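All of the numbers you see were taken from the coordinates with simple rules; none came from a lab. As the structure is a computational prediction, the values presented were derived from the model and not from experiment. Here Cβ is always computed from backbone atoms with ideal geometry, including for glycine, and neighbour counts include all displayed protein chains.
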Amino acid sequence: MKFFLDTAVVDEIREGVSYGLVDGVTTNPSLIAKSGRPFREVIEEICQIVDGPISAEVVSTDCEGMLREGRELAQVHKNIVVKVPLIAEGLKATRIFSEEGIHTNVTLCFSATQALLAAKAGATYISPFVGRLDDISHNGLELVQHILDIYDVYEFDTEVIVASIRNPLHVLDAARMGAHIGTMPLGVMKQLMKHPLTDIGLANFLKDWEATQKG
Ligand code: G3P
């Protein structure tokens with residue numbers, strides 16, 4: 001399973017990279033706004049830090065506008081993945097990007113039928129938002145399983161990025177299902193490393209070692 005960081009804050013990306021755990025980065029307009037930096041500048045910097053797919057989202061809602069923005073973004077760096085919303089115009093744009101060899105991440109996916117359409121349009125990645133579904137009492141991870149089942153039956157190449165991950169259980173269940181990628185905040189990535197018994201065990205080992213050093 002590949003791990004992506006879901007952030008546009010470069011210090012967080014550098015920290016994730018220092019653990020050797022970051023295979024790619026996803027951003028969206030809200031995350032760019034949160035970084036407080038100009039879009040293009042921050043995307044260029046992320047491409048220098050991580051050698052993997054970097055999703056940068058278009059903000060047009062018509063196919064022509066998406067194509068214009070996406071083609072410009074694709075010029076920034078070879079690793080740029082153009083993030084496109086899962087609306088009819090987005091599917092049109094995804095098909096054209098796919099014919100042009102531009103990688104796409106179709107985002108804001110909340111149903112398996114939407115995911116089926118994205119794969120048929122030639123999406124490189126599909127991003128089901130598990131946390132936002134859980135927020136409205138729908139099982140986000142069940143959606144991931146449905147998408148994986150459909151993609152498996154038809155042997156689509158589209159990879160599933162489990163997005164809107166909020167906690168380690170989302171990562172655990174996505175991994176058990178064989179989802180290709182999980183994109184998560186740095187905080188969740190760090191939670192995955194932690195176990196209180198590891199900390200207690202290490203403290204005891206060090207205390208016992210100290211005792212062997214006396215006299
Ligand atoms: O990248 C989009 C997605 O991961 C957003 O997550 O927490 O805002 O629902 P969240």
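Assorted remarks:
- With distances taken between every two different alpha-carbon atoms, the range 51-98 has a Kirkwood hydrodynamic radius of 10.5 Å.
- Acute angle (nearest 10 degrees) that the helix 63-76 long axis makes with the longest principal axis of the chain, alpha-carbon atoms: 50 degrees
- Among Ala115, Ile32, Ala8 - extreme Cα towards positive end, dipole of the range 3-116, charges at beta-carbon: Ala115
- For the range 1-107, the calculated P(r), taken from all Cα-Cα distances in 10 Å bins from zero up to the bin holding the longest distance, is 16, 49, 30, 6, 0 percent.
- Charged neighbours of Ser127, selected by a Cβ distance under 12 Å, balance to -1 (K, R count +1; D, E count -1).
- Packing-based ranking, highest mean first, of 116-124, 153-161, 199-207 given that Cβ atoms within 10 Å are counted: 116-124, 153-161, 199-207
- In order along the range 35-48, the phi-based Karplus estimate (6.51 cos²θ - 1.76 cosθ + 1.60, θ = phi - 60°) of 3J(HN,Hα) comes to 5, x, 10, x, 3, 4, 4, 6, 5, 4, 5, 4, 5, 7 Hz; Gly and Pro are listed as x.
- Angstrom value of the Kirkwood radius, inverse mean 1/r, which spans all Cα pairs in the range 125-215: 15.4 Å
- Size descriptors for the chain: radius of gyration and Dmax over Cα atoms are 19.5, 78 Å.
- Cα centre as origin, Lys/Arg/Asp/Glu Cβ charges: the range 2-212 dipole, Debye: 180 debye
- Taking amide H atoms as placed 1.01 Å from N in the peptide plane, the amide H of Glu159 lies under 5 Å from those of Tyr125, Ile126, each 5 or more residues away in sequence or on another chain.
- Calculated mean residue ellipticity, 222 nm, the chain: -16500 deg cm²/dmol, from DSSP H runs (n ≥ 4) at -39500 (n - 2.57) each, averaged per residue and rounded to 500.
- Projecting the Cα atoms of Ser98, Ile150, Val59 onto the dipole axis of the chain, where Lys and Arg carry +1 and Asp and Glu carry -1 at the beta carbon, places Val59 farthest toward the positive end.
- The range 162-215 shape via C-alpha gyration tensor axes, a/c threshold 1.5: prolate
- Each Lys or Arg adds one and each Asp or Glu takes one away; over the other residues whose Cβ falls under 14 Å from the Cβ of Ile200, this sums to 0.
- Protection-proxy order for peptides 60-72, 23-35, each taking the mean of Cβ atoms within 10 Å per residue, highest first: 23-35, 60-72
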